[in-house]
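Please read the structure below before turning to the comments.
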Amino acid sequence: MIVVDTNVITYFFITSTETAKAQAVMQKDANWVAPPLWKSEFRNVLLQHIKHERIVLDEAFTIMAAAEQLLKNHEYEVDSENVLRLADISKCSAYDCEFVALAKRFNIPLVTADKKLLREFPDTAVSLEQFSRT
């Protein structure tokens, strides 16, 4: 079981230069978990792709449904005090710290491409490349 942030979910479902890395993460560990926040962030990513004409609305519906299916019953609430403590001791947003808090709760890695998370939480956050190699 691993925590994945919205970037990893995006790379997995929307073809980009990072898609192969996200697929390698999935091959290594398909038990992905995330805080419920991922849905709102992912919807916003989809909207940005629609606005920049990279996908159309119907594609967004299909992608969202597939992502929700993947993470169905794999969403976990996080403790607000833990999130705020993590945000306070780092340069990361409370949004990003939700993923860190979840990883710490279960003592599992947070797989991410977010350089700030990787820098601020080296004991918890691991890059897609690093996770795939270990």
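Restricting attention to segment 115-134, and to residues there that are in a loop (DSSP other than H, G, I, E, B), at pLDDT 95 or above and out of contact with any Ser or Thr (no Cβ under 9 Å at 6 or more places or on another chain), which single residue is surrounded by the most Cβ atoms within 10 Å (Cβ to Cβ)?
Per the criteria, the residue is Thr124.
Considering only segment 89-100, I want to know if a residue exists there that is part of a strand (DSSP E or B), farther than 14 Å from Thr10 by Cβ and not hydrophobic (A, V, I, L, M, F, W, C).
no
Taking segment 114-130 as the region of interest, how many residues are of a type in the set (A, V, I, L, M, F, W, C) and over 12 Å from Ala103 (Cβ atoms)?
Counting residues in segment 114-130 that are of a type in the set (A, V, I, L, M, F, W, C) and over 12 Å from Ala103 (Cβ atoms) gives 2.
Are any residues in segment 1-40 surrounded by 19 or more Cβ atoms within 10 Å (Cβ to Cβ), closer than 12 Å to Val111 by Cα and among the aliphatic types (A, V, I, L, M), and if so, which ones?
Ile2, Val3, Val4, Val8, Ile9, Ala22, Val25, Val33, Ala34
State which residue is surrounded by the fewest Cβ atoms within 10 Å (Cβ to Cβ) when the search covers only segment 74-93 and only residues that are under 24 Å from Asn31 (Cα atoms) and of a type in the set (A, V, I, L, M).
Val78
Could you tell me how many of the residues in segment 65-100 are aliphatic (A, V, I, L, M) and within 16 Å of Val4 (Cβ to Cβ)?
Qualifying residue count, segment 65-100: 6.
Kindly provide the set of residues from segment 94-108 that are out of contact with any helix residue (DSSP H, G or I) (no Cβ under 6 Å at 6 or more places or on another chain) and either within 16 Å of Asp29 (Cβ to Cβ) or buried (at least 24 other Cβ atoms within 10 Å of the Cβ) (or both), ordered by number.
Within segment 94-108, Phe99, Leu102, Ala103, Phe106, Asn107, Ile108 qualify.
In segment 41-64, which residue that is without any contact (Cβ under 8 Å) to a residue 40 or more places away in the chain and within 13 Å of Asp5 (Cβ to Cβ) is surrounded by the most Cβ atoms within 10 Å (Cβ to Cβ)?
Selected residue: Phe42.
Going by the structure shown, is Leu47 over 23 Å from Thr134 (Cβ atoms) and more than 11 Å from the chain's Cα centre (by Cα)?
yes
The values are calculated or read from the model by the stated rules, or taken from the named source; none is laboratory data. Model, not experiment: these values are computed from the prediction. Because the Cβ atoms are built from the backbone with ideal geometry, glycine has one as well, and the counts that use them run over all protein chains shown.
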